[in-house]
């Protein structure tokens with residue numbers, strides 16, 4: 001049987017993490033967040049708080065990846081801790097909402113920024129977004145090395161471009177940060193706490209991606225070492241870039257300007273550098289978003305493949321191409337459903353906030369699994385370990401539970417809709433996979 005090829009090193013791991021995480025979130029969510037909150041000080045506190053939350057999560061996932069350096073990431077951890085049903089439900093959620101939603105949302109943002117050069121109506125944007133998913137599905141079909149090459153290229157451009165954009169922009173401000181002190185009445189209608197929760201979902205979306213390095217562990221040369229190093233280094237870079245970008249956006253546009261923008265990076269660049277600079281920034285955003293789409297396809301498809309290999313997903317997905325050594329059927333499934341979500345949900349905020357709500361639930365399961373593995377000392381014994389155990393992971397788990405409950409309370413209708421996507425996996429499991437596992 002053809003196996004996945006072990007070619008990925010530390011730079012590949014960091015590039016994958018940064019490439020997925022810095023997609024379009026930092027270019028698409030700040031203007032929506034500004035509508036929910038009334039001041040820059042509140043906004044930046046949320047970004048710093050989420051950064052600390054995500055960094056703690058990265059430490060936990062670093063240890064899990066070191067303990068179980070196998071392709072599949074959270075699917076491996078949840079299945080080992082709780083059994084095949086919960087492993088299946090996680091993988092099913094990956095396919096129907098968690099990992100395909102970023103492909104849908106990011107492709108729509110790519111189309112928005114392409115609209116800077118070629119104005120499009122909403123229908124045309126949806127067609128273009130679908131075409132983008134198909135293109136990067138094909139690149140991944142051609143093998144992990146080609147997909148990783150684009151990942152490394154796009155990651156280098158987005159890191160360098162975003163760093164220079166923020167640095168040069170802040171220098172050009174020449175100490176004029178008066179816009180940061182201006183407050184505007186929040187436009188959200190969920191109440192003060194509800195608005196904060198809605199904003200947090202969008203901030204979290206901007207950071208999501210750090211958890212996916214472990215998905216390609218089976219294609220890493222030394223996963224027990226590469227995974228934790230990639231997690232810690234990559235998240236540190238992302239936090240620096242995100243905080244400086246928000247500072248620049250708000251310094252240039254102010255709260256009102258942020259709320260009136262749909263392409264905040266380009267609008268900031270127009271004021272600083274003129275139309276040519278804005279065009280260059282739009283190109284950078286397009287490369288950044290497509291890099292994240294590429295990385296998501298590259299990582300999530302390995303989960304479907306790993307599940308099919310274990311008899312917990314359709315056998316058709318347990319296929320590695322003999323020529324390209326890539327899980328081609330899993331890649332196709334990811335792309336097809338990503339396009340379906342564009343047609344079903346259509347709106348960027350609806351797509352991404354639903355994905356964050358669903359993934360927070362499984363972050364909780366994964367963290368509980370982490371505590372279980374610590375108690376039983378499961379997996380590889382000589383690897384990375386999270387400091388300040390159990391306090392640090394305990395605070396992280398409490399934060400997840402609070403966020404899930406608050407979102408369910410303040411946006412009940414949306415939460416029920418999002419949860420329905422996940423729960424459709426229950427009848428699928430009992431009708432199609434439980435009997436098969438019992439026979440085996």
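Derivation of every value follows stated rules applied to the coordinates shown; laboratory data play no part. On a predicted model such as this, the values are computed, not experimentally measured, just so you know. Every residue, glycine among them, receives a Cβ derived from its backbone with ideal geometry; neighbour counts consider all protein chains shown.
Taking the Cβ of each residue in 258, 153 as the centre, tally the other Cβ atoms inside 10 Å and list the residues starting with the fewest. Present the calculation step by step, with values, prior to reporting the outcome.
Working: 258 25, 153 15.
Ascending Cβ contact count within 10 Å gives the list 153, 258.
Could you state the angle between the C-alpha long axis of helix 84-93 and the longest principal axis of the C-alpha atoms of the chain, as a value from 0 to 90 degrees rounded to the nearest 10? Here the helix axis deviates by roughly 30 degrees. Give me the Debye-computed log₁₀ of I(q)/I(0) at q = 0.20, 0.21, 0.31 Å⁻¹ for the range 270-328, equal point scatterers on Cα only, no solvent, two decimals. Evaluating at q = 0.20, 0.21, 0.31 Å⁻¹ gives log10 I(q)/I(0) of -0.76, -0.80, -1.10.
Rounded, prolate or oblate for the range 86-184? Axes are the square roots of the Cα gyration tensor eigenvalues, ordered a ≥ b ≥ c, and the cut-off for rounded is a/c under 1.5. Walk me through the intermediate numbers first.
Working: a/c = 1.75, a/b = 1.68, b/c = 1.04.
Since a/c reaches 1.5 and a/b is larger than b/c, the shape of the range 86-184 is classed as prolate.
Compared with the dominant Cα axis of the chain, that is its longest principal axis, helix 10-21 is turned about 60°. Within the listed set 417, 319, 334, the residue fluctuating most in the Gaussian network model of the chain (springs between alpha-carbon atoms under 10 angstrom) is 417. Largest GNM mean-square fluctuation across 429, 36, 389, computed for the chain with C-alpha springs under 10 Å, falls on 389. When Rg and the Kirkwood Rh are both derived from Cα coordinates, the Rg/Rh ratio for the range 231-279 amounts to 1.08. Under a Gaussian network description of the chain, with springs only between Cα atoms under 10 Å, the residue in 229, 79, 122 that fluctuates furthest is 122.
Arrange 273, 88, 362 by Cβ neighbour counts within 10 Å, fewest through most, would you? Let's see the in-between values first.
Numbers: 273 17, 88 27, 362 23.
The order, fewest Cβ neighbours first, is 273, 362, 88.
Taking Cα atoms only, the orientation of helix 348-376 departs from the longest principal axis of the chain by about 50 degrees.
The Cα center of the range 146-187 and the Cα center of the range 378-394 differ in position by 34 Å.
Arranged from fewest to most other beta-carbon atoms within 10 Å of their beta carbon, 416, 422, 352 become 416, 422, 352. Overall shape: prolate for the range 336-434, with the ratio a/c of the largest to smallest alpha carbon gyration tensor axis at 1.5 or above and a/b above b/c.
With the Cα gyration tensor of the range 115-239 in hand, give its eigenvalues times 5 under a square root as the equivalent ellipsoid semi-axes, listed largest first in whole angstrom. It would help to have the intermediate numbers written out before the result.
Values: eigenvalues 207, 108, 76 Å².
Output for the range 115-239: semi-axes of 32, 23, 20 Å.
The orientation-averaged projected area of the convex hull spanned by the Cα atoms of the range 10-439 comes to 19.8 nm².
For the range 1-125, report the convex hull volume of the alpha-carbon atoms normalised per residue, in Å³, without decimals. Display every interim value, and only then the final one.
Numbers: hull volume 25.4 nm³, N = 125.
It comes to 203 Å³ per residue, whole-number rounded.
Calculated mean residue ellipticity, 222 nm, the chain: -24500 deg cm²/dmol, from DSSP H runs (n ≥ 4) at -39500 (n - 2.57) each, averaged per residue and rounded to 500.
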